[in-house]
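The values are calculated or read from the model by the stated rules, or taken from the named source; none is laboratory data. All values reported here derive from a predicted model rather than from experimental measurement. In this analysis, Cβ positions are derived from the backbone assuming ideal geometry, glycine residues included, and neighbour counts consider all displayed protein chains. For accessibility, only protein heavy atoms count, side chains too; no ligands or nucleic acids. Shrake-Rupley method; radii C 1.70, N 1.55, O 1.52, S 1.80 Å.
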Amino acid sequence: MSRIAIFPGSFDPITIGHEFIIRRSATLFDKLIVGIGKNSSKQSMFDIDKRLQWIKDSFINEPNITAIAYDGLTVNFCRAQNANYIVRGLRSFTDFEYESAIAQMNRKIAPEIETVFMLTAPEYDAIASNIVRDILRNGGDVQQFLASGVRI
Ligand code: ADP
């Protein structure tokens, strides 16, 4: 049985912190699908096609990494993709508190799906898409924080 994992998020835009988690977790699975959730309550800065293309371009040389946009519950998307793992990245204790609540709820509704946490590298633990968006809104240069395929 092949091991398929989903790395869900908004990726608005995808950062080098996301890229680190994706590259490292892709070594643990046969296939890693980066899932862009469409129904987030968050208002996005970049449209879904752009976010999807940036992810695809970042991992163009990695045949086991793909990107797909989805609607609805992440666990339902996992089931539709035959994925038994959800990967989430952890930067801080605040991330852990938020992520553990989601993972426990997901376990209740989909016990066959395992959430796997991966720690970020210290140099990426302050990198967050929302801060990148704030810098952009104020005319700053964010290139150093973005994944390799992003063209803003
Ligand atoms: P969400 O809107 O679901 O929080 P994000 O796109 O912000 O989605 O993040 C998706 C995942 O990436 C989450 O697990 C988040 O903790 C993780 N993540 C975000 N930034 C970093 C980073 N700098 N290092 C490691 N993981 C990160």
- [ ] Please give the solvent-accessible surface of residue 95 in Å², to the nearest 10, using a probe radius of 1.4 Å with every protein chain present.
- [x] 20
TODO: Starting at the first residue of the range 4-9, write each ³J(HN,Hα) from the Karplus equation 6.51 cos²θ - 1.76 cosθ + 1.60 with θ = phi - 60°, in whole Hz, x for Gly and Pro.
DONE: 10, 10, 10, 10, x, x
Open item on the list: Relative contact order for the chain: what percent, with Cα pairs under 8 Å and sequence separation of 6 or more?
Closed with: 34
Task: Gaussian network model of the chain, springs between alpha carbon atoms under 10 Å - residue of 24, 107, 137 with greatest fluctuation - done: 137
Open item on the list: Just the number please: accessible area per residue for the chain, 1.4 Å probe, all protein chains included, in Å².
Closed with: 56
Task: Positive-end extreme of charge dipole, the range 56-114 - chosen from 92, 68, 58 (charges on Cβ) - done: 68
TODO: Diagonalise the Cα gyration tensor of the chain and give the resulting equivalent ellipsoid semi-axes, square root of 5 times each eigenvalue, largest first, whole Å.
DONE: 24, 17, 15
Open item on the list: Out of all DSSP beta bridges in the chain, what portion is antiparallel? Express it as a percent rounded to 5.
Closed with: 5
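State the extension gain, in nm to one decimal, for the chain segment bounded by residue 138 and residue 93, taking 0.36 nm per residue of separation less the distance between their alpha-carbons.
Gain on extension, residue 138 to residue 93, equals 13.4 nm.
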- [ ] Please give the contour-minus-distance gain from residue 69 to residue 114: 0.36 nm per residue of separation, less the Cα-Cα distance, rounded to one decimal in nm.
- [x] 14.1 nm
TODO: Normalise the Cα radius of gyration of the range 64-145 by 2.2 N^0.38 Å (N = residues in it) and let me know the number.
DONE: 1.32
